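S.K.: Structure in structure tokens, see below.
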Amino acid sequence: MKKVAILNFQYTTKNYGAVLQAAALEHTCRKLGHEAWHLDYIGKPRFSLKSEVGQLLRKLGLRRTPKAQRVANKKTFERFRNGFIKRTQRIQSPREFSAIASEFDAAIVGSDQVWRPAFAIDALAFFLGYVPQGIDRIAYAASFGTASWEQIENTVLTEAVRRELKLFKAISCREDSGVEICKDVFGVEAAHVLDPLLLVDGQFFHNILGKSSRKSSANLIYYKLDSSPEFVQDLEVISSDFGSDAVNIYFKNSNVLAFNEVPDWLTMILDAEVVITDSFHCICLALRFGKEVIFCPNEKRGRTRLDSLFRMFDIELEQLAIDLKTPMFKLVGHGDINAILEKQRLKSIEFLSEALNG
């Protein structure tokens, strides 16, 4: 048995997929016989002249402070972490990161868009740059988020990342494009593996679903990370076409804006017939649970990870035959999704097992 440290975006305050995939990777490491902990590190925001000027203008009253979206139950995701994610103490600095990482036999970075500097507050940390020598470095389903290395013009960061990746024992990416970036930009080999939410066994979901307090279900649900007035209008059209109201599973149906608890969110996907979403992880879960999926492309969040997923499962996008203001597509599988999933799961488990045990 090895003591394994995991680093990803488990610290989110609003993203269901991020906490679920983190718990899924931890669960898988434990199923393989190892002790697993998440390194509780966020990092400090990078200095930005633009942001500093913006703060100064707001202090002087020359720029309006953005109105934050107030959500009543900010502790929703913390409650899930307390039940399903084992964390180290909060790490405050790179030096502390190194000291705590030195207590482990191996460090895994992944999954999610951990290798996208625009999302990772401390990019070097997410390439395991603070992990001391002598500890196995592993990337499991790490994602660059886009089809190319966004920091190619930043030669200092690119060279630093190249040096760190050369020190890894084993590297895998969630997207086929990530495998190419590793080879073409950084000169390292990488495997193509499943996201942790497609990797875990049924027991993982059973444990979480058992904590749900949901008493009713909806046939048509939606989970939209970035909504718009046009999308809301389109929902009415889709609801009419399906003969069922579309239920928002992001927030509770209440007088105050409040997140659904994570087990409740998962339960609503399991109980639904049709899922409308722009979320990668929501699509993964809907496909795994055998649901009909209506996909809303969201270029802002990155399309590459979804295109890679669709290629892996031989899924085609079929435009809905109704008049909408925003593009929406039905996912049509041309192969046996369960058979493909089982084959990819065995391959992915083998990669992780060999990386930890070899």
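Read-outs throughout are calculated quantities, based only on the coordinates presented, and are distinct from any laboratory measurement. Note that the structure is predicted; figures quoted are calculated from it, not measured. Neighbour counts run over all protein chains shown; Cβ positions are idealised from the backbone, glycine included.
S.K.: Under 12 Å from the Cβ of Ser93, count the other residues' Cβ atoms, weight Lys and Arg +1, Asp and Glu -1, and hand me the total.
M.R.: +1
S.K.: Taking θ = phi - 60°, what integer Hz values does the Karplus form 6.51 cos²θ - 1.76 cosθ + 1.60 yield along the range 238-249, in sequence order, with x for Gly and Pro?
M.R.: Ordered by residue, 3J(HN,Hα) equals 5, 4, 5, 5, 8, x, 8, 5, 7, 9, 6, 9 Hz.
S.K.: If you build a Gaussian network model of the chain, linking Cα atoms that sit under 10 Å apart, which residue out of Gly17, Gly43, Gly243 swings the most?
M.R.: Residue with maximal mean-square fluctuation among Gly17, Gly43, Gly243: Gly243.
S.K.: Taking the Cα centre of the chain as origin, work out the dipole magnitude from +1 charges on Lys and Arg Cβ and -1 charges on Asp and Glu Cβ, in debye rounded to 20.
M.R.: 1700
S.K.: Continuing with this model, one more query. Rounded to two decimal places and with Rh computed the Kirkwood way over Cα pairs, what is Rg over Rh for the range 141-249?
M.R.: Radius of gyration over Kirkwood radius for the range 141-249 works out to 1.16.
S.K.: Also: Please state the relative contact order of the chain as a whole percent: Cα pairs under 8 Å, 6+ residues apart?
M.R.: This gives 16 percent for the chain.
S.K.: State the Kirkwood hydrodynamic radius of the range 214-336 in Å, one decimal place, computed from all pairs of distinct Cα atoms.
M.R.: After inverting the mean inverse Cα-Cα distance, the result is 14.9 Å.
S.K.: Amide H of Ile6 versus every other amide H placed in the peptide plane: which residues, excluding those fewer than 5 positions away on the same chain, fall under 5 Å?
M.R.: Correct list: Trp37, His38, Leu39, Ile108.
S.K.: Another question about this same structure. With unit charges on the beta carbon (Lys/Arg positive, Asp/Glu negative), name the residue among Cys296, Val256, Thr277 whose Cα is farthest towards the positive pole of the charge dipole of the range 214-336.
M.R.: Final value for the positive-end residue is Val256.
S.K.: Taking every pair of alpha-carbon atoms in the chain, give the share separated by more than 28 Å as a whole percent.
M.R.: For the chain, the fraction of Cα-Cα distances above 28 Å is 46 percent.
S.K.: Right, something else. Starting from 0.36 nm per residue, how many nanometres of slack lie between Val237 and Leu124 once their C-alpha separation is accounted for?
M.R.: 36.1 nm
S.K.: Among rounded, prolate and oblate, which fits the range 213-285 when a ≥ b ≥ c are the square roots of the eigenvalues of its C-alpha gyration tensor, a/c under 1.5 means rounded, and a/b larger than b/c means prolate?
M.R.: In terms of gyration-tensor shape, rounded.
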